[in-house]
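The values are calculated or read from the model by the stated rules, or taken from the named source; none is laboratory data. Given the structure is predicted, the values throughout are model-derived calculations rather than measurements. Ideal geometry is used to build each Cβ from the backbone, glycine not excepted, and the neighbour counts take in all protein chains shown.
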């Protein structure tokens, strides 16, 4: 009788739009990719009511640095393309890169995926992408939640969010207050738009529905779906070596709003136009949208995904280490004193727009 009641309850729930069996199938499909991210510090992962992670005894004064974020309306383009293998890297990049610029090593992450209907293969594709990017950032994907929410999302739509934690020795944390005039700015190139500004991108390119996106040429589709670059593997060794004073992850708000977060209030960043390559997609967006320089600076990364602040006498060593790790990098400017009345980011040279 008990089994019969359970069967009826499951059937009723399925009639209401939630397929428990499909959810279990999705877990089966993603499980190996998730387990592949586990490090020795992971005590338990999928399957429990919570995930446990051991810091170990190697830290003297450990500090946990946390971050939470989503992907934004770039999801609509992944849905339109019916391509779900790269959007997970955007999710990981948003949180892992944020943790990194605090001076912490990304340690573990949990994801939240909400769908209109549980499609095991699609869910597994999304989570496998998250797992691969987590591993590339040195993070264990130790848990999360996949929720089927009929009636809340449009057909074939879903949303992604993540919560991640990094670990650092207290003395290792990057501190904007250590930045001073004469320090040098090193820019690390972005892979493209990353995961910010897509509402403006869709407006400029006239993408109102799936068909609009599908009518774009294949090269443009590929550019728009290019995932966020992950910097943990190449930047962490510099942090560990004490070569970086401060750093900024260039996300929403662009350079002009994110770089000041990595500076004390008594200095400004002088950035030279032309010191790094601006990717063609940004020129395309500016031209088609007739966007002002301010629009471009406040919305997009314009080719720089991360900016490092390094002491002048450490630049050569830092650049050499970045090259050793196959990380492109450009000296883009310097730090100068300011009178607190000036904008904290000042561009010199000929602006591209």
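In this structure, residue 207 does satisfy being part of a loop (DSSP other than H, G, I, E, B), at negative phi and surrounded by 16 or more Cβ atoms within 10 Å (Cβ to Cβ).
Within the range 307-328, the residues that satisfy the criterion of being touching a helix residue (DSSP H, G or I) at 6+ places or on another chain (Cβ under 6 Å) and farther than 17 Å from residue 174 by Cβ are 325, 327.
For the range 54-79, the candidate set comprises residues that are touching a strand residue (DSSP E or B) at 6+ places or on another chain (Cβ under 7 Å) and in a loop (DSSP other than H, G, I, E, B); within that set, the residue that is farthest from residue 166 (Cα to Cα) is 71.
Residue-level analysis places residue 166 among those that are assigned by TED's automatic domain parsing to the domain that holds residue 105, in contact with a helix residue (DSSP H, G or I) (Cβ under 6 Å, 6 or more places away or on another chain), under 21 Å from residue 100 (Cα atoms) and surrounded by 15 or more Cβ atoms within 10 Å (Cβ to Cβ).
Only one of the listed residues (274, 289) is surrounded by fewer than 17 Cβ atoms within 10 Å (Cβ to Cβ), in contact with a helix residue (DSSP H, G or I) (Cβ under 8 Å, 6 or more places away or on another chain) and in the same structural domain as residue 239 (by TED's automatic domain parsing). That residue is 289. Note on the range 173-198: residues that are under 18 Å from residue 295 (Cβ atoms) and part of a helix (DSSP H, G or I) amount to 1. Quick check: anything in the range 1-22 modelled with pLDDT of 95 or more, more than 29 Å from residue 178 (Cα to Cα) and in contact with a helix residue (DSSP H, G or I) (Cβ under 6 Å, 6 or more places away or on another chain)? Checked against the condition, which is being modelled with pLDDT of 95 or more, more than 29 Å from residue 178 (Cα to Cα) and in contact with a helix residue (DSSP H, G or I) (Cβ under 6 Å, 6 or more places away or on another chain), the range 1-22 yields no hits at all.
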